[in-house]
Every structure is written in C-alpha cells, then in structure tokens.
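Below: one structure, written as structure tokens.
The values are calculated or read from the model by the stated rules, or taken from the named source; none is laboratory data. Source: prediction; values computed, not measured. Cβ coordinates were reconstructed from backbone atoms using ideal geometry, including for glycine residues, and neighbour counts include every protein chain displayed. SASA here: full protein model, heavy atoms, side chains in, ligands and nucleic acids out. Shrake-Rupley method; radii C 1.70, N 1.55, O 1.52, S 1.80 Å.
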Amino acid sequence: MTPLITVAVPTLTAGQALTECLLSLQRQTFQKFEVVVVDNSGTRKVTDPGTVIDKGRARVIYNENNVGFGAAVNQVFRASKARYLAPLNDDAV
C-alpha cells in the first residue's frame with residue numbers, strides 16, 4: 001500500500017522524546033501514513049523504529065552530520081511516494 005501521508009521526523013538526540021513521538025503516531029486512528037525518521041546525530045543513535053511503529057511503515061535516513069531540520073525534511077520529501085508530507089518535531093506527542 002502506498003501511504004497517503006509521509007511523516008518526516010528529524011532528530012538529533014533520538015532520546016525518549018522520539019520514542020514518545022513515535023508511540024503517539026502509532027495511536028492515531030488514521031493509519032494511511034508512513035514515518036521517516038532522519039537521524040541527524042552522525043552517530044546512528046536511532047535504532048529500529050519498527051519496534052514502536054508497525055514494521056514496514058517506518059524507516060530511517062542516517063546522515064553523517066547534522067544537516068538541520070529543513071534539509072532533513074527535504075530529504076524525506078525526495079524519498080517519499082506519498083501525496084502529502086507532514087513534518088513533525090521529534091518532541092511532539
């Protein structure tokens with residue numbers, strides 16, 4: 001299934017806030033979306049988001065350095081096949 005929405009979640013620290021953000025997305029009643037987490041840490045801090053979001057609906061783009069929020073969202077935009085893109089801060093719940 002091609003998602004209707006791609007949710008772009010750039011992160012630098014990939015801490016508990018990111019986990020809470022992903023859990024919040026998982027609880028949404030609208031489910032025609034995928035999540036792309038952009039790891040801006042340069043050290044691969046993001047582990048498998050599939051442990052929080054259903055497998056196959058989440059993926060990670062790893063950057064070698066912090067490219068910033070806007071550039072990270074643009075990376076997701078270029079990689080998305082969804083009709084809509086929704087940027088989301090990693091500390092939003």
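Quick notes on this structure:
- Order by protection proxy (mean Cβ within 10 Å, highest first), peptides 2-11, 64-73, 34-43: 34-43, 2-11, 64-73
- Dipole moment magnitude, nearest 20 debye, the stretch 34-74 about Cα centre, only Lys, Arg, Asp, Glu C-beta charged: 60
- Each helix, a run of at least 4 DSSP H residues, gives -39500 (n - 2.57); summed and divided by the residues of the chain, these come to -7000 deg cm²/dmol at 222 nm.
- Percent RCO, i.e. relative contact order, over the chain, from Cα pairs under 8 Å lying at least 6 residues apart: 45
- Solvent-accessible area, 1.4 Å probe, carbon plus sulfur percent, for the stretch 13-87: 51
- With a cut-off of 12 Å between beta carbons, the residues surrounding Met1 carry a summed charge of +1, where Lys and Arg count +1 and Asp and Glu -1.
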